[in-house]
Amino acid sequence: MAKTKSRKLNITFESDIDLERESESSEKTEKKKKSGGGKGRIWEFIAIATIPIVLVFGNSMLVPVLPQMQRELGINKFQSSLIISIFSLAAGIFIPVIGYLSDRFGRKVIIIPALIVYGGAGLLAGFGAIWDSYTVIIIARAIQGMAAAGTAPIAMALVGDMYKGGTESQALGLIEASNGVGKVLSPIIGSLLVLIVWYASFFAFPVFCALSLLAVLFMIKEPKHEKKQDLKSYIGKLGEIFKEKGRWLITSFFAGSLGLFILFGVLFYLSNTLEDPPYKIDGVMKGLILAIPLLGMVITSYTTGSLIKKKGTLIRWLINIGLVMMSVSLAATIFFFTNIYVFIGLLTLSSIGTGLLLPCLNTMITGAVQKSERGMITSLYNSLRFLGVAFGPPLFGWMMDQSDRLVFISVSALSFITLGLVFFLIRPPAKLAE
């Protein structure tokens, strides 16, 4: 009897409390969603957006500075192009390593030290410029590149940890948008800073990094990190993916890398050309002109990203159209590069083609691989994109010394070859996986 009574009392007692607690919990959740949750998410989004902007500034802000750097340090075009390339090369090499470490130990534990090192290396580069030491600047830029590997690529993984469904897509869209805004603003900011002193951009990096660091520290709450994957299984899964899907994945990686190779190479070419006779354009005006092709790419990228969703057929069409636009416009520059107005128009058309290409490749690569595998594949993809940026300026600088026409014969030929590969090897399904 006593046992039965006790059992009945326990059941009734627990049930009442559970209902009360569930009711209170539900009310609290609803209140958070309606009041604090929305505001908190806005601040999280702002904090996340600062990370890709810092990364973009790392290269694009220095493009307008390179011609003056050549004069001040007594270096040639190839040496000045290495200021961009060494950063991207170091980032490209380290992104897969840093991506694995973030999978194993967490996202913020990688992003926070990366931002600190990034800003500190900017200071070192600034002092290298004051000391007229090209070697110190190059070393500092390599360190910055290694740190850059722990910024925007890891922020994408962090978004996947923090949000699901529509909110995740919204946050990833914000990363792409902030990346684009950074690309447009960076040459203008770089041109303004050079009016103070030519190496002012190096000292601006710690300021931007400090703002992003504070935002990440105080506005982002990372969910508990539990996923731990040993290196052997990590590499094993990568091998399996490429064995099954390597044909179109490698083609996609090459196409994305080529798009950024041409974009940054063309910006390097244009930056140097504008300062030479007969144009002699520098300062803010040069920054505004450099922003024109970038603006075309950004607007197209944002529009494309919002339209394609998971429509495989549309993605295939837009990838091919983008490469056709790049190939034709770059081929036309062979004959019109001496007319600055037509030249900038053709470069903008090529950048619009890049704006069609890149969001489609991003969506296709992530949509065709399971979520558990996306970290590895996107890290490798980002790594190769950085390598494209790394090789653009020095190769363009070398070709410029040979012949201006050689620059555009080479890149248009590469675009046509890539178009052929993509047309025959990339055939996504009508509907990509979520």
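The values are calculated or read from the model by the stated rules, or taken from the named source; none is laboratory data. Owing to the predicted nature of the structure, the values given are computational and were not obtained by experimental measurement. When we count neighbours, we look across all protein chains shown, and the Cβ atoms used for this are built from the backbone with ideal geometry, even at glycine. For accessibility, only protein heavy atoms count, side chains too; no ligands or nucleic acids. Shrake-Rupley method; radii C 1.70, N 1.55, O 1.52, S 1.80 Å.
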Report summary line: Filtering segment 313-369 down to residues that are open to solvent by 50 Å² or more (accessible area, probe 1.4 Å), over 21 Å from Ile417 (Cα atoms), in a helix (DSSP H, G or I) and β-branched (Val, Ile, Thr) yields Thr313, Val342
Report task. Could you grab me the full set of residues in segment 270-289 that are touching a Leu at 6+ places or on another chain (Cβ under 9 Å) and under 23 Å from Ser329 (Cβ atoms)? Result -> Leu270, Ser271, Asn272, Leu274, Ile281, Lys286, Gly287, Ile289
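Return the residue satisfying two criteria in turn: it lies in segment 135-152 and is open to solvent by less than 20 Å² (accessible area, probe 1.4 Å) and polar (S, T, N, Q), and of such residues it is nearest to Leu62 (Cα to Cα).
Taking segment 135-152 first, the residues open to solvent by less than 20 Å² (accessible area, probe 1.4 Å) are 137, 140-141, 144-145, 147-152.
With the extra rule that they be polar (S, T, N, Q), the set shrinks to 144, 151.
Details: Gln144: 13, Thr151: 19 Å.
Ranking the qualifying residues of segment 135-152, first place goes to Gln144.
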Query raised in the report: Of Met285, Met219, which residue is closer than 30 Å to Thr348 by Cβ and surrounded by fewer than 18 Cβ atoms within 10 Å (Cβ to Cβ)?
Result: Met285
Report task. Can you work out which of the residues in segment 393-434 that are open to solvent by 80 Å² or more (accessible area, probe 1.4 Å) and acidic (Asp, Glu) is modelled with the highest pLDDT? Result -> Asp401
Query - Meets criteria (modelled with pLDDT of 80 or more, crowded, with 18+ Cβ neighbours inside 10 Å, in contact with a helix residue (DSSP H, G or I) (Cβ under 7 Å, 6 or more places away or on another chain) and of a type outside the set (A, V, I, L, M)) for Phe203 - result: yes
**Report entry** Selected residue (only one of Pro206, Pro187, Pro223 is closer than 30 Å to Lys108 by Cα, outside any helix (DSSP H, G or I), out of contact with any Lys or Arg (no Cβ under 6 Å at 6 or more places or on another chain) and not basic (Lys, Arg))
**Finding:** Pro223
Requested in this report: Go through segment 338-386 and give me each residue that's at pLDDT 75 or above and of a type in the set (S, T, N, Q).
Outcome: Thr338, Asn339, Thr348, Ser350, Ser351, Thr354, Asn362, Thr363, Ser379, Asn382, Ser383
Query raised in the report: Can you name the condition, by its number, that Trp198 falls short on among (1) within 24 Å of the chain's Cα centre (by Cα); (2) open to solvent by less than 30 Å² (accessible area, probe 1.4 Å)?
Result: (1)
Report summary line: Selection from segment 95-116 of residues within 21 Å of Pro206 (Cβ to Cβ) and surrounded by 21 or more Cβ atoms within 10 Å (Cβ to Cβ) yields Ile98, Ile110, Ile111, Ala114, Leu115
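Could you identify the single residue in Lys243, Lys237, Lys232 that is over 23 Å from the mean Cα position of the chain (by Cα), touching a residue at least 24 places away in the same chain (Cβ under 8 Å), in a helix (DSSP H, G or I) and over 26 Å from Pro52 (Cβ atoms)?
Details: Lys243 fails: touching a residue at least 24 places away in the same chain (Cβ under 8 Å); Lys232 fails: touching a residue at least 24 places away in the same chain (Cβ under 8 Å).
Within the list Lys243, Lys237, Lys232, the selection yields Lys237.
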Query raised in the report: Is there a residue being without any contact (Cβ under 8 Å) to a residue 60 or more places away in the chain and of a type in the set (Phe, Trp, Tyr) anywhere in segment 395-414?
Result: no
